[in-house]
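Okay, so here's the structure we're looking at.
The values are calculated or read from the model by the stated rules, or taken from the named source; none is laboratory data. As the structure is a prediction and not an experimental result, all values here were calculated from the model. Methodologically, a virtual Cβ is constructed for each residue, glycine included, from the backbone with ideal geometry; neighbour enumeration extends over all protein chains shown.
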Amino acid sequence: MEYNLGIVVSEFNFDITSMMLERAKAHAEFLGANIKKILYVPGVYDMPLAIKKLCEDEGIDGVVTLGAVIEGETEHDEIVVQHAARKITDLSLEYNKPVSLGITGPGMTRLQAEERIEKGRDAVEACVKLLKNLQ
């Protein structure tokens, strides 16, 4: 069975997230999944509304999130990821659709973010596996 996926991509740290997106698209193609929509949001904190819109779309089976939250001088990165992760889980349960967490961080450096670009691939893998296993 083919699955239709939506992807939400954070534009913050786009040099990283654009590469995560390329990995995600390539892996979706490898798995035979269709990327139906890609929505761009300013940052990880802004993802929930876009995720909700994709979950409301009956043509979308699951949603992949892609973002990179790099550590700053304050604990802002921790707050952003904690709140985003919680809301992502809530939306997945509310709409009964997989929403994978392809957000790297918090507490990582730019170098560590670059080393985690493959997490874009992993997020697609998780979403498709959930779809297969929940049928």
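Quick notes
- When each of Asp77, Asp61 is tested for being in contact with a strand residue (DSSP E or B) (Cβ under 7 Å, 6 or more places away or on another chain), crowded, with 16+ Cβ neighbours inside 10 Å and more than 23 Å from Leu131 (Cβ to Cβ), the lone residue that passes is Asp77.
- Residue in the stretch 17-25 that is under 12 Å from the mean Cα position of the chain (by Cα), assigned to a strand (DSSP E or B) and hydroxyl-bearing (Ser, Thr, Tyr) present: no
- Verdict on Thr109 being surrounded by 18 or more Cβ atoms within 10 Å (Cβ to Cβ), touching a residue at least 12 places away in the same chain (Cβ under 8 Å), of a type in the set (S, T, N, Q) and over 19 Å from Asn133 (Cβ atoms): no
- Condition check for Asp15: touching an Asp or Glu at 6+ places or on another chain (Cβ under 6 Å) and not basic (Lys, Arg): no
- Of the residues making up the stretch 9-22, those that are buried (at least 22 other Cβ atoms within 10 Å of the Cβ) and touching a Pro at 6+ places or on another chain (Cβ under 9 Å) number 1.
- Filter result for the condition that a residue is buried (at least 16 other Cβ atoms within 10 Å of the Cβ) and basic (Lys, Arg), over Lys53, Lys25, Lys36: Lys25
- A Cβ distance below 6 Å, combined with a sequence gap of six or more or placement on separate chains, defines the contacts here; from the stretch 13-37, residues that are farther than 23 Å from Glu58 by Cα and among the acidic types (Asp, Glu) reach no residue that is at pLDDT 95 or above and surrounded by 15 or more Cβ atoms within 10 Å (Cβ to Cβ).
- Residue in the stretch 106-117 that is modelled with pLDDT under 95, at positive phi and not hydrophobic (A, V, I, L, M, F, W, C) present: yes
- When residues in the stretch 79-109 are screened for being among the β-branched types (Val, Ile, Thr) and within 15 Å of Val64 (Cβ to Cβ), 5 of them pass.
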